[in-house]
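The values are calculated or read from the model by the stated rules, or taken from the named source; none is laboratory data. Quantities reported herein were computed from a predicted structural model and do not represent experimental measurements. With ideal geometry, Cβ positions are generated from the backbone for all residues, glycine too; neighbour counts draw on all protein chains shown.
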Amino acid sequence: MTSGRAILLLAVVTALLTMGIIFVFENREKFFQPSRDILTEPENVRSPAVAGTFYPGNQKELSAQIDQLLANTTKTFTRLNASAFGGPKILLVPHAGYEYSGAVAAHAFAEIKDRDYATVVLIGNSHHYGFAGAAVYDQGVWETPLGQVPIDETLAQKLLKESPQIFAGRQYHDQEHSLEVEIPFLQRTLKDFQILPIILSDATTETATALANALAKHLDPYTLVVVSSDLSHYPSYEDAKKSDQQIIESMVGNDLEKFSELSETLPQSGIPNLQTAACGAGAIKTALILSEKLGITNIQLLNSANSGDLPEADKSRVVGYAAIVFYTDRSGAELTDDEKKELLEISRETLDTFLTTGQTPAIDVENKFLENPLGAFVTLRKNGALRGCIGSFEPEKPLWEVVQEMTIAAATQDRRFPPVQSNELEDIKIEISVLSPRRKIADPQKIVMGKHGVTLVRGDRQGVFLPQVATENNWDLQTLLGQLCTQKMGLSANCWQDPQTQISVFTAEVFAE
């Protein structure tokens, strides 16, 4: 190559590189600005293991199939009036391919559509590994063709501290289908929720009891439990119906002893090819023990079938399915008037007693609902002006204890004000905000002014505004977020736009003296 050609080629290459650098620089925000739609790094994502086999791998096809299955529950069957039974707390659903068990599972998921759950605990039994205890998937996100769902890492850590039988074991979830197949149904029925997948290998009552005890201590009204299990495996159609009927009756009757006996003896009873009466026996035991601890007495069978019910199915070898819902007495987390009154009385007695004697009064709580571990803020106002406000999110204590502690904290620990004195008591009015759990969001436009409280977290800095703050100050969304950054976090007004800033929302039930 002549020197002239070499010089010309070098000039062309240099020009192209320069143009490319200029283009990337001018579009640097597009190329280098992280997207808020990415919830976590790839290494923390649990990718789907059975998309395209147990359920469609295509987003549109999957959404359409689930929506049709949910719609068919009102066309083919008479759905129970959930409001007459209170709120669903535990679902028992099958986990076969959607063509086999999806229609049955849809009956349970239809009962929770558009309800307000912040976390769904998923419990099943492993089909791949043998181990002792309960393996928790404790961090990251799970992904399906419908998108990513974050893990409730806070609840995970609480459960891991409760028993040595509960441990972090993400590796046991990688190939497991029994929990994965339930998530697309949740994605089509709920909004802005987290999950906590837990897998068991054994079916011992000891493991189930340890897990149920831990869950009972930390569940709140915004948490749903989904237990995944098929029923009889591989008997004939008629034999499956007989086996499944007995198992279902023991579950609906909340009879742990009967279920344990049947799950052990039915496969040994001479029914041809019956390998198991319930493949998720350990998970079901957990549900039965948990429901007993939660005082659940209303358990309803919504639908049951087996694979032999499909057109042209082989009825000589089938698998059984059931959709069962355990209902709590109330349909949501809203407090009754009596509960609000009692909380205000607890707060007032605590404030008066502490400021006059320095002691925290002993309280006898009348309403059982106040034993739920819910967060709360207590706001003190003197002649209408703010005098103190402190709260706690996601506590491990009962709501009434949180209110009691936050009352004292609002009066004595709010750094913006000097401690409240006893001679001010007559002028102090108490306001209580009972909080839902916080939910991380990627898009600030999902914040509903006046409904959502907002938390911003960046590094070790955090700012919180209750839902009523925006309304009281007549702020728009940008002003609200900007004030959180400057007033609460000491950062620039646009800190909420930084991808490193986590945005969470919550709701609050606000009432006052």
| field | The one condition in (1) closer than 30 Å to Glu371 by Cα; (2) surrounded by fewer than 19 Cβ atoms within 10 Å (Cβ to Cβ) that Leu256 fails to fulfil | value | (2)
| For region 289-308, what are the residues that are touching an Asp or Glu at 6+ places or on another chain (Cβ under 8 Å) and hydrophobic (A, V, I, L, M, F, W, C)? | Leu302
| request: May I ask you to list the residues in region 126-152 that are of a type in the set (D, E, K, R) and either buried (at least 22 other Cβ atoms within 10 Å of the Cβ) or under 21 Å from Leu288 (Cα atoms) (or both)? | output: Asp152
| Odd one out for Ala278 among (1) buried (at least 22 other Cβ atoms within 10 Å of the Cβ); (2) within 25 Å of the chain's Cα centre (by Cα); (3) closer than 30 Å to Leu266 by Cα | (2)
| Does Gly253 satisfy being at positive phi and without any contact (Cβ under 8 Å) to a residue 60 or more places away in the chain? | no
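Here is a yes/no grid of residues against (1) surrounded by 22 or more Cβ atoms within 10 Å (Cβ to Cβ); (2) touching a residue at least 24 places away in the same chain (Cβ under 8 Å); (3) under 30 Å from Ala71 (Cβ atoms); (4) over 13 Å from the mean Cα position of the chain (by Cα):
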| position | (1), (2), (3), (4) |
| --- | --- |
| Gly124 | yes, yes, yes, yes |
| Thr154 | no, yes, no, no |
| Leu159 | yes, yes, no, yes |
| Pro164 | no, yes, no, yes |
| Ala168 | no, yes, no, yes |
| Phe185 | yes, yes, yes, yes |
| Arg188 | no, yes, yes, yes |
| query | Which condition number does Gly97 fail, the rest of (1) surrounded by fewer than 24 Cβ atoms within 10 Å (Cβ to Cβ); (2) touching a helix residue (DSSP H, G or I) at 6+ places or on another chain (Cβ under 7 Å); (3) of a type outside the set (Ser, Thr, Tyr) being met? | reply | (2)
| task | Go through (1) buried (at least 19 other Cβ atoms within 10 Å of the Cβ); (2) closer than 23 Å to Ile199 by Cα; (3) touching a strand residue (DSSP E or B) at 6+ places or on another chain (Cβ under 6 Å) one by one and return the number of the condition Ile289 breaks. | result | (3)
| message | Which condition from (1) more than 32 Å from the chain's Cα centre (by Cα); (2) loosely packed, with under 14 Cβ neighbours inside 10 Å is the one that Asp443 breaks? | response | (1)
| said: Return the residues of region 410-435 that are of a type in the set (Gly, Ala, Ser) and in contact with a Gly (Cβ under 8 Å, 6 or more places away or on another chain); say none if nothing qualifies. | reply: Ala410, Ala411, Ser433
| Inside region 413-439, can you point out the residues that are among the polar types (S, T, N, Q) and within 22 Å of Gly463 (Cβ to Cβ)? | Gln413, Ser433, Ser436
| List, please: which pairs have Cβ atoms under 8 Å, are six or more places apart or on different chains, and start with a residue in region 303-318 that is surrounded by 14 or more Cβ atoms within 10 Å (Cβ to Cβ) and end with one that is outside any strand (DSSP E or B) and among the β-branched types (Val, Ile, Thr)? | Asn303/Thr73; Asn303/Val104; Ser304/Val104; Ser304/Ile248; Ala305/Val104; Asn306/Val318; Ser307/Val318; Gly308/Val318
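Residue-wise test of (1) surrounded by fewer than 16 Cβ atoms within 10 Å (Cβ to Cβ); (2) among the hydrophobic types (A, V, I, L, M, F, W, C); (3) touching a strand residue (DSSP E or B) at 6+ places or on another chain (Cβ under 6 Å); (4) not in a helix (DSSP H, G or I).
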{"site": "Ala470", "(1), (2), (3), (4)": "no, yes, no, no"}
{"site": "Trp475", "(1), (2), (3), (4)": "no, yes, no, yes"}
{"site": "Gln487", "(1), (2), (3), (4)": "yes, no, no, no"}
{"site": "Leu491", "(1), (2), (3), (4)": "no, yes, no, yes"}
{"site": "Glu509", "(1), (2), (3), (4)": "no, no, yes, yes"}
| message | Restricting to region 408-424, and then to whatever is exposed (fewer than 15 other Cβ atoms within 10 Å of the Cβ) and of a type outside the set (Ser, Thr, Tyr), can you tell me which residue is farthest from Asp152 (Cα to Cα)? | response | Asn423
| request: Would you be able to say whether some residue in region 445-453 is assigned to a helix (DSSP H, G or I) and modelled with pLDDT of 95 or more? | output: no
